[in-house]
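Okay, structure first, notes after.
The values are calculated or read from the model by the stated rules, or taken from the named source; none is laboratory data. These numbers come from a predicted model, not from an experiment. Cβ placement follows ideal geometry from the backbone for every residue including glycine, while neighbour counts extend to all protein chains displayed.
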Amino acid sequence: MSLTLRINGAEVAVTSEPDTPLIYVLRDELGLKGAKLGCGLEQCGACMVLVDGEAVPSCVSPADTFGGKEITTVEGLADDPTGARVQAAFVSHTAAQCGYCTAGLVVAVTALLQRNPDADTKTVKDALAPNICRCGSHPRVLRAVEEAKA
């Protein structure tokens, strides 16, 4: 079955079954490897993508539920001024250690700063609560967020 999704600003026809979780479509069919499969239960944030501007886990929801919506992966954030600023700030502050959670964090921060560019520290921490980083790079992530706000 063919399904058309709008990913990173382009209409893309995919051949995966409609009930295939979006992350598998992104990674396996389209080669977009930024989002990672962590827990597979929408509980760790490694698989976050932007859907109509909101950070959404992609590991459980079927691809066909995203029809008609704008999906932006971490790869597509370089074309967005806020996303590019967040990515640069993460690099500047080495806000990743192993890197497994980084794409999900970048997506979550981008979503937050797009809707609330002056978010205070509590708001940032609340927005990042669903994103688990086992390496403990959250202090550097918070510094990167402060830089990205500018």
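All but one of (1) touching a Leu at 6+ places or on another chain (Cβ under 9 Å); (2) surrounded by 15 or more Cβ atoms within 10 Å (Cβ to Cβ); (3) at pLDDT 95 or above; (4) of a type outside the set (A, V, I, L, M) hold for Lys125, so report the exception by its number.
(2)
How about region 6-87: which strands (runs of 3 or more DSSP E) wholly inside it have at least 1 residues that are among the aliphatic types (A, V, I, L, M) and more than 26 Å from Asn116 (Cα to Cα)?
In region 6-87, the matching strands (runs of 3 or more DSSP E) lie at 10-14.
Take the residues of region 95-120 that are modelled with pLDDT of 95 or more and either farther than 19 Å from Thr73 by Cβ or of a type in the set (D, E, K, R) (or both): which is surrounded by the fewest Cβ atoms within 10 Å (Cβ to Cβ)?
So, considering only residues that are modelled with pLDDT of 95 or more and either farther than 19 Å from Thr73 by Cβ or of a type in the set (D, E, K, R) (or both), the one surrounded by the fewest Cβ atoms within 10 Å (Cβ to Cβ) is Asp118.
Would you pick out the residues in region 48-60 that are farther than 19 Å from Asp80 by Cβ and either modelled with pLDDT under 95 or touching a helix residue (DSSP H, G or I) at 6+ places or on another chain (Cβ under 7 Å) (or both)?
Cys59
Of (1) surrounded by fewer than 21 Cβ atoms within 10 Å (Cβ to Cβ); (2) among the polar types (S, T, N, Q); (3) outside the structural domain of Gly45 (by TED's automatic domain parsing), Thr65 satisfies all except one. Which?
The one condition Thr65 does not meet is (3).
Taking the stated definitions as given, is Cys135 outside any helix (DSSP H, G or I), assigned by TED's automatic domain parsing to the domain that holds Arg27 and without any contact (Cβ under 8 Å) to a residue 40 or more places away in the chain?
Answer is no for this residue.
So which residues in region 95-106 are touching a helix residue (DSSP H, G or I) at 6+ places or on another chain (Cβ under 6 Å) and free of Cβ contacts under 8 Å to residues at least 60 places away in the same chain?
Ala95, Ala96, Val106
For region 69-87: of the residues being more than 22 Å from Asp28 (Cβ to Cβ) and touching a residue at least 60 places away in the same chain (Cβ under 8 Å), which is surrounded by the fewest Cβ atoms within 10 Å (Cβ to Cβ)?
The extreme case among them is Asp79.
Would you mind stating whether His138 is at pLDDT below 95 and of a type outside the set (A, V, I, L, M, F, W, C)?
Yes; evaluated as a whole, the condition is true for this residue.
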